[in-house]
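Reviewing the structure listed below.
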Amino acid sequence: MEFQCPYCGVGCGLYIDEKGKVKGNPEHPANRGDICKKPLYLPKIYEKGRILKPYIKTENGLRDSSWEEVYEILARKLSSLSPDEMYFYISGQLMTEESYIINKFVKGFLKTNNMDSNSRLCMASAVTAYKLAFGSDGVPCCYEDIDDADAFIFIGSNASISHPVLFKRVLNRRRKEEKALIITIDPYETETARKSDIYIQIRAGTDTALLNSVLYILYEKGWIDYEFVFKYTEGFEEAIEEAKKFPPDVASEICDIEVSDIYLLANIFRKSKKLISFWCQGLNQSVNAVMKNLALINLHLATGRLNGKGCPFSLTGQPNAMGGREVGYLSNGLPGYRDVRNEEDRKFMENFWRVRGIKEKPGPTITEAIDLILEGKIKLLWVVCTNPAVSLPNLNKVHKALDKVFLVVQDAYWNDTTEFADIILPASTLGEKEGTMTGSDRTLTFCGKFKEAPGVAKPDWLIFKEMADQMGFRGFNYESVEDIFNEFKETTKGRLCDISSLDYKSLPARWGRRWLYEDLKFPTESGKAKFHPVTLQIPKENGRFIMITGRLKNQWHTMTKTGKAQELLKGEVPPFIIMNPEDAKELNIQEGDKVTIVSDRGKTERIVRYGNVKRGHIFAPFGYPMEFGNPVNVLVSDRVDPLSKEPDLKYTGIDIIK
Ligand SMILES: Nc1nc2c(c(=O)[nH]1)N[C@H]1C(S)=C(S)[C@@H](COP(=O)(O)OP(=O)(O)OC[C@H]3O[C@@H](n4cnc5c(=O)[nH]c(N)nc54)[C@H](O)[C@@H]3O)O[C@H]1N2
Ligand SMILES: Nc1nc2c(c(=O)[nH]1)N[C@H]1C(S)=C(S)[C@@H](COP(=O)(O)OP(=O)(O)OC[C@H]3O[C@@H](n4cnc5c(=O)[nH]c(N)nc54)[C@H](O)[C@@H]3O)O[C@H]1N2
Ligand code: SF4
Ligand SMILES: [Mo]
């Protein structure tokens, strides 16, 4: 049976053979048979730690319940609340049909936009920047473009562990083309950096200074592709005005890097035949995130590096964050890349769903919702397929909110969020249900069912279908996932993400052309791509060190799945931080010592490992659940980027106490 890998956004096509072994699907365009380590252990983790039935919290702890009982309680509860008093927090790991049906239930029928997804912590900044620059947030190129490129920038991306199959494809390209260059820009010398030809150790948070400075050089040296700029873009002059504030000597000071490295980057933008710039959370999770994204896109526009000459390529984190965006699962979205703020879009969906009164105002984002819970304004929170008790920032505050609100948790596994739940709903997971997902480069993959779910767990789509029936909502009489797919695909007809001609059973297939903007016409008002003047913002944090948070090689986020395979835990526990040995020496800390790390918001304990992280910074993996002590997110601030509202997860001032 074929399916898409439930881990990263590369979206590898996999299959499970007769002996129950997971393998790469050689026919799938995303991976062509390749696979990394994490999904190999899927069969081992299916039965461990699963939620087998619905539960209800009582004064004496949890008691068993039934689907009938929980549906009835929830229907009553939802009917008794105003649309502003409820909130749904979902996930880029749900299948497209599941996100679609939840979106329909919430925005169409409960008539609230109080809904967000964990993509807010992940892709929101890239989505915002892509839309500002190009008018849509589809990735402009695709994986095939790797195979004839000769320069690859990884900025704020540790793709060697976060997007391994994609990174291998880049390494293969370098093997074939001797002149191909890989450049990594990161404060921590990651596995990706170690495998690169050039590594630039930038100070955290300062990327816009570096990228502006590269633009400055391109301009001063006359290396701009003016034909491209005049024909296909607007806003160039304003962007240059801002870039002029960052001559190389100024930027080198701010970023603590060599002037020659800035020239080197400018030369790569000037000279390479085809340049792909990959980025991920080192640019997205910041108060300066949208600006960082736009600064990189500016460089591609200034040198005409689109289509055959290159691409600014945002790496998607979760397996179906793209599908979620297509169905519009953020608080402002509607299916088919529509927006609640657009009257035509609302009218279309109202007619389509036969409802009235879709709200115009986007709902609060998840971090805003946490505040609204604490203010008593949101009374019910329904969490599907994400583990906010570990993954949201400023956890001491989040935990207070989870305690206070009426919390519904719909998950496949027991996790730290279920600890706070008033009602627990057992979900089946990939392999126990079917549906589709869309990977980073817009390729849809069908995920088949190959085993039964344990206990009375149900697919997420079915839980919401039955909830809708319970509430008497009309328009949820689906008999299969394919019915939902077919309904959703109708909403995409004539839209950029048009999948109306695709057939559920004949996937994988990609939407859009190979190059989304092949004719260099952009879905902006003017039809031109847009430069943006880019500023630098660095938050004020207390403490001797800046803590960067990020990922482990073989673990997936909060470890509910990968944490159940010993083979994947090896070397990744007990929880650690990476320190620069020189910094450690100054504090009289040895490798292996246990230290307390403290910020203005909280503290936790970690074992020290040495590594080449920039002086004055530490790197901390973020996903360890509470059984290992406080997650590092108790230390992290919930301040956000002003445009994308994505939290600043990679810049926390801390002190280290031995
Ligand atoms: N093994 C594994 N793979 C995964 C995941 C997983 O949990 N485990 N999760 C998936 C998901 S959802 C996502 S979003 C992706 C994330 O994939 P990545 O973004 O590649 O992973 P991170 O480790 O969060 O961060 C990447 C790098 O950003 C750097 N960085 C931090 N601050 C800055 C800065 O200011 N500037 C620059 N230039 N760099 C900075 C960090 O040092 C880190 O090396 O991974 C996906 N793949
Ligand atoms: N400090 C810091 N914090 C971060 C980040 C960071 O880099 N630094 N990264 C952020 C990013 S990019 C992301 S994407 C988030 C990820 O954070 P989360 O989304 O909280 O992490 P996961 O562990 O992937 O949680 C997925 C949950 O879904 C459950 N699940 C699995 N399959 C199914 C299913 O089919 N149905 C249902 N209903 N449940 C299922 C799993 O058991 C698990 O509890 O973390 C964010 N938080
Ligand atoms: S690269 Fe990503 S999608 Fe591919 S097998 Fe590994 S985790 Fe899965
Ligand atoms: Mo993510």
Descending packing, highest mean Cβ count within 10 Å first, for 112-124, 526-538, 505-517 is 112-124, 526-538, 505-517
So what are the ³J(HN,Hα) numbers for the range 210-216, from phi and the Karplus equation (6.51, -1.76, 1.60; θ = phi - 60°), rounded to whole Hz, Gly and Pro as x?
4, 5, 4, 5, 4, 4, 4
Among rounded, prolate and oblate, which fits the range 124-314 when a ≥ b ≥ c are the square roots of the eigenvalues of its C-alpha gyration tensor, a/c under 1.5 means rounded, and a/b larger than b/c means prolate?
rounded
Radius 9 Å from Cβ of Lys111, net charge of other residues (Lys, Arg +1; Asp, Glu -1):
+3
So if R0 is 51 Å, what FRET efficiency would Ser66 and Arg544 give, r being the distance between their Cβ atoms, rounded to the nearest 0.05?
0.40
So for the range 545-657, using the alpha carbon gyration tensor with a ≥ b ≥ c as root eigenvalues (a/c under 1.5 gives rounded; past that, a/b versus b/c decides prolate or oblate), I'd call it oblate
Note down the nm distance, to one decimal, between modelled labels 7 Å out along Cα→Cβ at Glu605 and at Asp197.
4.8 nm
Mind checking the per residue accessible area of the chain for me, 1.4 Å probe, whole number of Å²?
36 Å²
Extension gain, Asp498 back to Lys245 (0.36 nm per residue minus Cα-Cα distance, nm)
86.9 nm
How large is the translational diffusion coefficient of the range 574-628 in µm² per second when you combine the Kirkwood radius over alpha carbon pairs with Stokes-Einstein at 20 °C and 1.002 mPa s?
184 µm²/s
Ranked packing of 338-346, 293-301, 409-417, most packed first, by mean Cβ within 10 Å:
293-301, 409-417, 338-346
Which links in Lys292/Lys528; Lys309/Lys505; Lys361/Lys458; Lys37/Lys650; Lys540/Lys645; Lys77/Lys400 stretch past 29 Å when you go from one Cα to the other?
Lys309/Lys505; Lys361/Lys458
Filtering GluC sites (Glu not before Pro) in the range 174-236 by DSSP loop and by at most 15 other Cβ atoms within 10 Å leaves Glu177, Glu178
Per-residue HN-Hα couplings for the range 544-560 [Karplus 6.51, -1.76, 1.60; θ = phi - 60°; Hz; x = Gly/Pro]
6, 10, 9, 8, 9, 10, x, 10, 9, 5, 10, 10, 9, 6, 8, 6, 5
Contour excess over end-to-end distance, with Cα ends at Arg474 and Lys309 and 0.36 nm allotted per residue:
54.4 nm
Taking K and R as +1 and D and E as -1, what net charge do the other residues with C-beta under 11 Å from the C-beta of Asn554 add up to?
+3
Restricting to the chain, what percent of DSSP beta bridges are antiparallel, rounded to 5?
45 percent
Share of carbon and sulfur in the accessible heavy-atom surface of the range 124-314 [1.4 Å probe, %]
47 percent
Point-charge dipole on Cβ atoms (K/R +1, D/E -1) for the range 379-497, about Cα centre, debye to 20:
420 debye
Amide H of Gly550 versus every other amide H placed in the peptide plane: which residues, excluding those fewer than 5 positions away on the same chain, fall under 5 Å?
Ala620, Phe622
To make sure I understand the rule: partners must be aspartates and glutamates, Cα under 14 Å from the Cα of Lys271, and not fewer than 8 residues away in the same chain. Which ones qualify?
Asp150, Asp225
Roughly what would the spin-label model give for Gln590 and Lys111, points 7 Å off Cα along C-beta, in nm?
6.8 nm
Let me know the charge dipole size of the chain about its Cα centre in debye, to the nearest 20, where only the beta-carbon of Lys, Arg (+1) and Asp, Glu (-1) is charged.
620 debye
Distance in Å, no decimals, from the C-alpha centre of the range 288-343 to the one of the range 356-410 is 25 Å
Interchain or sequence-distant (5+) residues whose placed amide H lies within less than 5 Å of the amide H of Lys273 are Asp150
Treating cross-link reach as a plain straight distance, find the aspartates and glutamates whose alpha-carbon is under 16 Å from the alpha-carbon of Lys245, omitting any fewer than eight places away in the same chain.
Asp207, Glu220, Glu237, Glu253
Computed over the chain, Cα set: Rg, Dmax in Å
23.8, 73
How do the peptides 262-273, 389-400 rank, highest first, by the average count of neighbouring beta carbon atoms within 10 Å per residue?
389-400, 262-273
Could you please state, rounded to a whole Å, how far the C-alpha centre of the range 92-127 is from the C-alpha centre of the range 209-276?
37 Å
Extended-chain gain in nm, criterion 0.36 nm per residue less alpha-carbon gap, Glu253 and Glu518:
91.5 nm
From the residues Ser637, Ile618, Pro574, which one has its Cα farthest along the dipole of the range 545-657 in the positive direction, the dipole being from +1 and -1 charges on Cβ of Lys/Arg and Asp/Glu about the Cα centre?
Pro574
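The values are calculated or read from the model by the stated rules, or taken from the named source; none is laboratory data. Just so it is clear, the model here is predicted, and its values are computed rather than measured. Positions of Cβ are generated from backbone atoms using ideal geometry, with glycine treated the same way; all protein chains shown enter the neighbour counts. Ligands, DNA and RNA are excluded from the accessible area calculation, which covers all protein heavy atoms including side chains. Shrake-Rupley method; radii C 1.70, N 1.55, O 1.52, S 1.80 Å.
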